[in-house]
1. Does residue 219 meet the test of being surrounded by 22 or more Cβ atoms within 10 Å (Cβ to Cβ) and not assigned by TED's automatic domain parsing to the domain that holds residue 138?
2. Taking only segment 522-540 into account, find how many residues are exposed (fewer than 13 other Cβ atoms within 10 Å of the Cβ) and assigned to a loop (DSSP other than H, G, I, E, B).
3. Quick one: in segment 424-447, of everything that is farther than 21 Å from residue 511 by Cβ and within 19 Å of the chain's Cα centre (by Cα), which residue is surrounded by the fewest Cβ atoms within 10 Å (Cβ to Cβ)?
4. Restricting the search to segment 63-87, which residues are closer than 25 Å to residue 455 by Cα and either modelled with pLDDT under 95 or surrounded by fewer than 19 Cβ atoms within 10 Å (Cβ to Cβ) (or both)?
5. If the Cβ limit is 8 Å and pairs must be 6+ apart or interchain, which residue in segment 93-110 that is under 13 Å from residue 359 (Cβ atoms) and not assigned by TED's automatic domain parsing to the domain that holds residue 388 pairs with which residue that is modelled with pLDDT of 95 or more and surrounded by 24 or more Cβ atoms within 10 Å (Cβ to Cβ)?
6. Being out of contact with any strand residue (DSSP E or B) (no Cβ under 8 Å at 6 or more places or on another chain), assigned by TED's automatic domain parsing to the domain that holds residue 88 and buried (at least 24 other Cβ atoms within 10 Å of the Cβ), is that true of even one residue in segment 363-378?
7. In segment 493-511, is there at least one residue being within 24 Å of the chain's Cα centre (by Cα), at pLDDT 95 or above and more than 23 Å from residue 358 (Cα to Cα)?
8. When residues of segment 503-530 are filtered for being more than 18 Å from residue 429 (Cα to Cα) and in contact with a strand residue (DSSP E or B) (Cβ under 9 Å, 6 or more places away or on another chain), how many remain?
């Protein structure tokens, strides 16, 4: 109709004013502008974002990194082959609660009042206050539907049967029937379905939004746990319907269902898995499938779960505009059975020293893969230094949001790296690592400084028999040339040691490691002693 009307107008004006050429240009311009506007509208939809976090899965457990892995991970590998594989990506801690805090807040967990080391329990009080911006609340304000499906492990407030001021919360003093406060829903998630902490921790129940699910029973000891068929679990509350080997399949099902229900508008899914963390409980379809051990079987089931999410995106035809991130919260646990796997030629920490809990690279240098078909070229490999605290700044840059001084204090956008461009100010960035015992180490450029030679942990290094040259209480490594941490250069470059000490002290006292106002850290909680600061006390 539009073309027909313009033709008639054009004919009449040509007869009267001989304006044919001008009108044709105007008509063409109008038509062109309409089409570009429509195209712009079609292409302006914000990308969906899915962040999948494995639990205790080292880089050697992913075949895309470790070609000598003794079990396949085709779905995890697919994310990297169709996107970017990061080779120098790190968690903020060697254990799980601190890493999860960093992912969701863009901030180091030791800046909080209480979490200076270790992890929380299943009934621990909330760690993230409701007024702190999280990755979920940031996206929620931008019109995203948000969901967390999986292991939370960041605390939530259960009602006590009797008032208690103790920091050690007794399971039998918890009311399982009343709503839970200050959980994922208070931190920006529209929907939550998961478990409160690690699968070995009580309560052994699923939680939907703010309510524990199921018919509750109290399992008072190991005999009661054994009768339920639970392995590697702590006594406490359980739901009669709760089965350990069905937790991962349930998370997978719930995630895919939620994606289908929310496919028509931008969504963010945070999927923190319970696997392959102990108790190592692959479902019957994966038992003995790896030919390695139960850890290999559970890793294969983890890969299957990720494949189900990718399959859902393909079926809904939304994969092209969905950013998928895969990583792990820390290195593999000794519960995986390092000696048994090593005899068969499998090394979960790959070429690196250490494991879960340590400041060695095997504790925090993790697989990190990003796919976004609409914008990111497939088959890229990036050697740029990134940290799991970086997702908040990345999403902020992606959506044109300016973070305030108290948002994402330790978050740097890796968006440029997805386009093979340099990350802003990367040469001046310090990334701080933190062990299970709360011991610091720091990475700055190619240098890494460690303040003990035990990895900041009591966990034994699988490579303990491979001696470090010039071993000492202070360790300095050149990560460009010695990522396997074999040669200590501290005595050779004392000026670098002092430079990194000063840099770490600066990051600690400023309350941030990024550009912005110096805001300090949260006040230290009552009874909390932060003795781990002694390594840089001369510079604070």
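The values are calculated or read from the model by the stated rules, or taken from the named source; none is laboratory data. Here the structure is a predicted model, which is why all the values come from computation and not from measurement. As a convention, Cβ positions derive from the backbone with ideal geometry for all residues, glycine included, and neighbour counts pool all protein chains shown.
1. Details: surrounded by 22 or more Cβ atoms within 10 Å (Cβ to Cβ): yes; not assigned by TED's automatic domain parsing to the domain that holds residue 138: yes.
Judged against the criteria, residue 219 is a match.
2. Filtering segment 522-540 down to residues exposed (fewer than 13 other Cβ atoms within 10 Å of the Cβ) leaves 523, 526-527, 529, 531, 534, 537-538, 540.
Then drop every residue that is not assigned to a loop (DSSP other than H, G, I, E, B), which leaves 523, 526-527, 529, 540.
So the count comes out to 5.
3. Per the stated criteria, the residue is 436.
4. The first filter runs over segment 63-87 and keeps only residues closer than 25 Å to residue 455 by Cα, leaving 65-66, 69, 86-87.
Listed by number, the list holds a single entry, 87.
5. none
6. no
7. Start the filter on segment 493-511 by keeping residues that are within 24 Å of the chain's Cα centre (by Cα), which leaves 504, 507-508, 511.
Of the ones still in play, those that are also at pLDDT 95 or above are 504, 507-508, 511.
Those left that are additionally more than 23 Å from residue 358 (Cα to Cα): 511.
So far as segment 493-511 goes, yes, one or more of its residues are within 24 Å of the chain's Cα centre (by Cα), at pLDDT 95 or above and more than 23 Å from residue 358 (Cα to Cα).
8. Residues meeting the conditions: 0.
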